[in-house]
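These notes concern the structure reproduced below.
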């Protein structure tokens, strides 16, 4: 035993000794040079990774990919700053340090497809500018030291400085334009144009969704929105008196795109399926969606006109649901790119022309580096410290070659992705519409056709799934949960275990859009489908619950119950019902911000259902035992004293009721119900939450949100809590503020202030952050919706 302990202590001491030796070795000049070379190479490959996989985050909803991309995006900035500091503070000189430092500065924000990881990053544009100023001063200092000893490096410095200036300006403009400072101004002109267009044209009886006659949706303005924002050029003013003549020529609208006589856009020529024109329609819808994000409101006539276009123009044709979904897909691609990439600023500010200058400077700079700089660094006497491979190659020269190759690959890949992007397609198509000379050119038409014919899958096209009865008993690792939750990323809590995602089938899309056509802009939370199936009297009670979260969970539990008891695998309705049921349950568990109820309500109800289920099903070891236990619960007579308000009991009761119906009829009822319910939860004023999920792969409900937003479709409030609406005219006051006002007026304090204290209300009492009070009377708690007083 003592020998074993002695050997373990000896092994530990040896490890400490080896670690100390490594640390001492890194503190030597050779160690510092090795670290600098390692960091420079690492930053280069991080940039290559961001460029190669940055655009995949909206095509793949894998959480691990998002974490890795976030780590690469965050780590690269710290590595660049730290490496520049090591170069400046190193006790030795290396002629390649200035070149490496310049490349590090260029790498900072060079990924066009990954300009920001989150919306909050766009608001840090001032920090980005300050960081660049500080690091640029350090870069100039470094170059000054080396230019005095080797003037021939001036040519290399000037060439790469041009690239650095272009990259820095592009990234800075991208962040500013998307920040709260810039995006409102950029959207204002579109809002003015739509207001004028709606006022004078929306009631035009000649508006035709087939020919797009009368649809003045903006696609492109000849003078860029960016110029208007910063006042470089006076933008055309949108007023009715000027909506003619030159103004019509300056604005490309959907109407003009459909009126184009060129063979490329002809329905009998190069655009038989209309996909080229639909790219422009998606872009026009994207501009309207930006109005929604910034809380601009359009006249009701504009929404009616958009609904007329969706119902009678898009969905009326064969496979119209596929076309509607594809238009929404491309629209959300533009919406995602607006917040998280450099593409908007590149194309709106015409910076794409400078990309050619960047490439030329890079090629010339590479040649100059190889011809003039590399030979002068090959001589060993030029440097005091150097690392050499076993073959005699200098490591710093190899690092330089690798960095140059990576940078060239990155630029070529980015140029290719930019050339086939939807932004480039819109630019080419608008120029084709505007320039008559292009419409007769076979070469130009073939070029545009080739570019627009390249289709990359914009989104993953899968529905994430969650089965409550399979996952409610899931318990995460306590240490991993708390450590990661606090320090790094969001992890799953109790009862949260996703099922494998499933492909978004054509049957699901067709069922949802058929329900949309039947709704005629009037949404109900499933009750219409029950009425059409003559089941309203028996089942409508399960649609009139206090919150939509309870409705979803009750029907999800009932659907899961029937999926086990009455499976019908080859019936499309069975697949539609089970897929949408598990998808909406997933939204409850993992994306509650996308649902109508308050976030606190949704999370609280979900956690409560987990506790109820663990208590009611605690003796059930298998999934089958849980189902039979639910059947027993559902068959309990209504007059028996049971906790009827429990979601698990309501779900069991609903499942037993449906079990009495014919098998095929069951799944027809459920398929139509879930198709209607997902439309009911789609309208939302939580645009920021939808934008945040776009960076994580997007959600099917976001596609529906975009379409119903254009049509102006909103839910009818189903209870008192949902009738609350935020109003800027109402002062935001917390409970303690209300109590103080009552005390100052010598009025009795509202009695519900004392007994009703929800968690967020307690927070409000100390931070003055929540609670609504309007028109001199107390309303409902802004956190949980309970009545606070009169």
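The values are calculated or read from the model by the stated rules, or taken from the named source; none is laboratory data. All values reported here derive from a predicted model rather than from experimental measurement. For neighbour counting, all protein chains shown are included, and Cβ atoms are generated from backbone atoms with ideal geometry for every residue, glycine included.
Annotations for the structure displayed:
- Residue match in segment 612-625 (condition: surrounded by 17 or more Cβ atoms within 10 Å (Cβ to Cβ) and outside any helix (DSSP H, G or I)): yes
- You will find that of 463, 530, the residue that is within 28 Å of the chain's Cα centre (by Cα), surrounded by 13 or more Cβ atoms within 10 Å (Cβ to Cβ) and at pLDDT 90 or above is 463 and no other.
Let's see how each residue does on (1) under 25 Å from residue 697 (Cα atoms); (2) modelled with pLDDT under 85:
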{"residue": "418", "(1), (2)": "yes, no"}
{"residue": "427", "(1), (2)": "no, no"}
{"residue": "432", "(1), (2)": "no, no"}
{"residue": "454", "(1), (2)": "yes, no"}
{"residue": "491", "(1), (2)": "yes, yes"}
{"residue": "498", "(1), (2)": "yes, no"}
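- Any chance residue 196 is modelled with pLDDT of 80 or more and part of a helix (DSSP H, G or I): no
- Members of segment 452-477 found to be without any contact (Cβ under 8 Å) to a residue 24 or more places away in the chain and under 30 Å from residue 621 (Cα atoms), listed by number: 474, 475, 476, 477
- Out of 679, 630, sole residue that is assigned by TED's automatic domain parsing to the domain that holds residue 553 and either surrounded by fewer than 20 Cβ atoms within 10 Å (Cβ to Cβ) or over 37 Å from the mean Cα position of the chain (by Cα) (or both): 630
- Of all residues in segment 428-451, those satisfying the criterion of being crowded, with 19+ Cβ neighbours inside 10 Å and either under 19 Å from residue 109 (Cβ atoms) or in contact (Cβ under 8 Å) with a residue 60 or more places away in the chain (or both) are 429, 430, 432, 433, 445, 448.
- Residues of segment 533-563 classified as surrounded by 24 or more Cβ atoms within 10 Å (Cβ to Cβ) and under 13 Å from residue 671 (Cβ atoms), total: 3
- Any hit, segment 377-390, residues being touching a helix residue (DSSP H, G or I) at 6+ places or on another chain (Cβ under 6 Å), crowded, with 19+ Cβ neighbours inside 10 Å and either closer than 24 Å to residue 164 by Cα or modelled with pLDDT of 90 or more (or both): no
- Of all the listed residues (406, 410, 401), the sole one being surrounded by 19 or more Cβ atoms within 10 Å (Cβ to Cβ) and more than 22 Å from residue 337 (Cα to Cα) is 406.
- Once segment 587-599 is narrowed to residues that are in a helix (DSSP H, G or I) and more than 13 Å from residue 548 (Cα to Cα), the residue that is nearest to the chain's Cα centre (by Cα) is 590.
- Tally, over segment 544-586, of residues that are free of Cβ contacts under 8 Å to residues at least 24 places away in the same chain and assigned to a helix (DSSP H, G or I): 2
- Sole residue being assigned to a helix (DSSP H, G or I) and within 25 Å of the chain's Cα centre (by Cα), chosen from 84, 69, 99, 104: 69
- Applying the condition of being in contact (Cβ under 8 Å) with a residue 60 or more places away in the chain and surrounded by fewer than 18 Cβ atoms within 10 Å (Cβ to Cβ) to segment 23-40 and asking which residue is nearest to residue 92 (Cα to Cα) yields 29.
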